[in-house]
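The values are calculated or read from the model by the stated rules, or taken from the named source; none is laboratory data. A quick note: this is a predicted structure, and the numbers were derived from the prediction, not measured. Here the Cβ positions follow ideal geometry from the backbone for every residue, glycine too, while neighbour counts run over all protein chains shown. Ligands, DNA and RNA are excluded from the accessible area calculation, which covers all protein heavy atoms including side chains. Shrake-Rupley method; radii C 1.70, N 1.55, O 1.52, S 1.80 Å.
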Amino acid sequence: MEVKSYPKEVLSLHYAPRRRIAQISFRGQIMPAPGVLANFARTLAELGVRILALNFTSRNAERYVTSFIDLSETRATLKEVVNRVRKLEFVKEIRVSGPVIRGLVVDEHSFPLTILGGRGEAMILPRKLFSRMLAGLRKELGPSGWALAFNQGLIFGRELARDLKLFVRGPTRDLLRALTRIYTALGWGKVIDAGFNLFTGEGFLTVADNFEAEAYTSSEEPVCHFTRGAVTGALLEIVGRKFEVTEVRCAAKGDEYCHFSIGPAKSLKLG
């Protein structure tokens with residue numbers, strides 16, 4: 001049974017043309033007792049300021065908080081809000097930005113975007129945009145476009161698996177299980193079921209809302225070749241063997257989920 005997930009706002013930009021919005025960020029020091037985030041949120045609440053989105057990052061003894069805020073329902077000015085936050089005992093540095101265009105606030109304070117506690121860097125690429133890019137390869141290059149998408153996915157899967165092995169230790173089965181969770185956590189698609197037999201080399205992967213299918217209103221054949229390549233590359237890196245990954249059901253065809261079948265391969269098929 002599929003478990004419903006919660007939405008997660010990635011703090012990058014926010015648009016509310018009829019609201020008085022801004023970005024406020026600070027670098028703070030660790031306190032003897034937990035409370036940096038709670039005290040910051042309490043201060044804003046006391047001023048009648050709503051938090052629209054917030055990111056909290058820990059790095060050794062320092063804490064970084066950046067947030068988009070809504071001042072539409074308070075008489076406090078942005079300057080007054082900044083002065084109150086600056087007086088908090090743990091705040092060492094504070095930054096503030098107003099809208100770039102009326103109603104549009106953009107994160108101007110945070111770079112680079114990181115994962116794994118700063119061990120890796122990330123970037124944001126809208127799902128539908130990436131899906132259209134891959135669909136464009138098929139439109140411009142024909143079947144070669146899908147072969148190219150597969151190879152890009154192969155590289156992605158191998159590199160992602162290689163990075164995981166660098167930072168996390170564990171048996172092969174646990175690493176593969178972690179990769180399915182990571183695929184969902186990165187926003188590519190929601191893995192709702194997966195299985196793999198290390199002895200027979202057979203397995204499957206079922207993905208809901210896979211990003212590759214978004215660019216298609218209908219298709220006569222499966223379209224998720226980047227994902228197929230990513231699974232192939234991850235297995236090649238983690239297990240050390242070549243596998244054949246075939247998409248047997250695809251949301252672009254009208255199926256409920258994208259379902260991939262995994263089996264042993266004598267040679268690595270690239271398209």
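Across segment 114-161, counting alpha-carbon atoms alone, Rg and Dmax equal 13.4, 41 Å. Only helices enter the 222 nm calculation for the chain: every DSSP H run of n ≥ 4 contributes -39,500 (n - 2.57), and dividing by all residues gives -10500 deg cm²/dmol, rounded to 500.
Based on Cα atoms of segment 94-185, Rg over Rh with Rh as the Kirkwood radius reads 1.09.
Here the alpha carbons of segment 1-130 define both size measures, Rg and Dmax, at 15.7, 50 Å. In this view, the solvent-accessible surface of Lys128, computed with a 1.4 Å probe and all protein chains in place, comes to about 100 Å².
Extension gain, Val100 to Thr184, is 27.1 nm, computed as 0.36 nm per intervening residue step minus the present C-alpha separation. Please state, as a whole number in µm²/s, the translational diffusion coefficient that the Stokes-Einstein equation yields for segment 123-271 at 37 °C and 0.692 mPa s, with Rh defined as the Kirkwood radius across alpha carbon pairs. Approximately 215 µm²/s, per Stokes-Einstein. Only Cα pairs within less than 10 Å get springs; with that Gaussian network setup on the chain, which residue of Ala215, Ala22, Ala38 has the largest fluctuation? Maximum fluctuation in the GNM of the chain, among the listed residues, is at Ala38. Under a Gaussian network description of the chain, with springs only between Cα atoms under 10 Å, the residue in Tyr15, Tyr64, Tyr183 that fluctuates furthest is Tyr15.
For Leu13, what charge total do you get from the other residues with a beta carbon under 13 Å from its beta carbon, if Lys and Arg give +1 and Asp and Glu give -1? The answer is -3. Taking every pair of alpha-carbon atoms in the chain, give the share separated by more than 30 Å as a whole percent. So the pairs more than 30 Å apart make up 44 percent of the total in the chain.
Each label point was placed 7 Å from the Cα along the Cα-to-Cβ direction; for Lys4 and Glu159 their separation is 3.7 nm.
Legend: P(r) of segment 176-238 from all alpha carbon pair distances, 10 Å bins from 0, whole percents, reading 19, 54, 24, 3. In whole angstrom, note down how far apart the Cα centers of segment 96-140 and segment 156-183 are. Each part's Cα centre sits 23 Å from the other's.
The modelled label-to-label distance between Met123 and Gln29, using points 7 Å beyond Cα along the C-beta direction, is 3.7 nm.
With all protein chains in place and ligands, DNA and RNA left out, the 1.4 Å accessible area ranks Glu247, Glu214, Glu46 as Glu46, Glu214, Glu247, largest first. Taking a point 7 angstrom from the Cα of Phe204 along the C-beta vector, which residues in segment 150-178 have backbone N less than 14 Å away? Label zone hits: none. The length gained by stretching the chain between Asn197 and Arg18 to full extension, at 0.36 nm per residue less their Cα-Cα distance, is 59.0 nm. Accessible-area rank, largest first, for Asp193, Asp107: Asp193, Asp107, with all protein chains present and a 1.4 angstrom probe. Residues in segment 111-122 carry Karplus couplings, in order, of 5, x, 7, 10, 9, 6, x, x, 6, x, 10, 10 Hz; the curve used is 6.51 cos²θ - 1.76 cosθ + 1.60 with θ = phi - 60°, and Gly or Pro positions show x. Ordering Ile101, Ile192, Ile69 by accessible surface, largest first, gives Ile101, Ile192, Ile69; the 1.4 Å probe counts only protein heavy atoms, with every chain in place.
Given their separation in residues at 0.36 nm each and the Cα-Cα distance between them, Leu141 and Leu113 gain 6.8 nm when the chain is fully extended. For segment 13-47, the list of trypsin sites (Lys or Arg not before Pro) that fall in a loop by DSSP and count at most 13 other C-beta atoms within 10 angstrom reads Arg18.
Sort segment 44-111 into rounded, prolate or oblate with this rule: let a ≥ b ≥ c be the square roots of the eigenvalues of the Cα gyration tensor; rounded if a/c is under 1.5, and if a/c is not under 1.5, prolate when a/b is larger than b/c, oblate otherwise. Here segment 44-111 falls in the oblate category. Solvent-accessible surface of the chain, averaged per residue with a 1.4 angstrom probe and all protein chains in place: 60 square angstrom.
Whole-Hz Karplus values for segment 61-73 come out as 8, 10, 10, 10, 10, 10, 8, 9, 10, 10, 9, 5, 10 Hz, taken residue by residue from phi with 6.51 cos²θ - 1.76 cosθ + 1.60 and θ = phi - 60°; glycine and proline positions read x.
Going through segment 52-90, which trypsin sites (Lys or Arg not before Pro) have at most 12 other Cβ atoms within 10 Å and a DSSP loop state? Here the sparse-neighbourhood loop sites are Arg75, Lys87. Rounded to the nearest 0.05, the FRET efficiency derived from the C-beta distance between Ser219 and Ser261 at R0 = 22 Å is 0.75.
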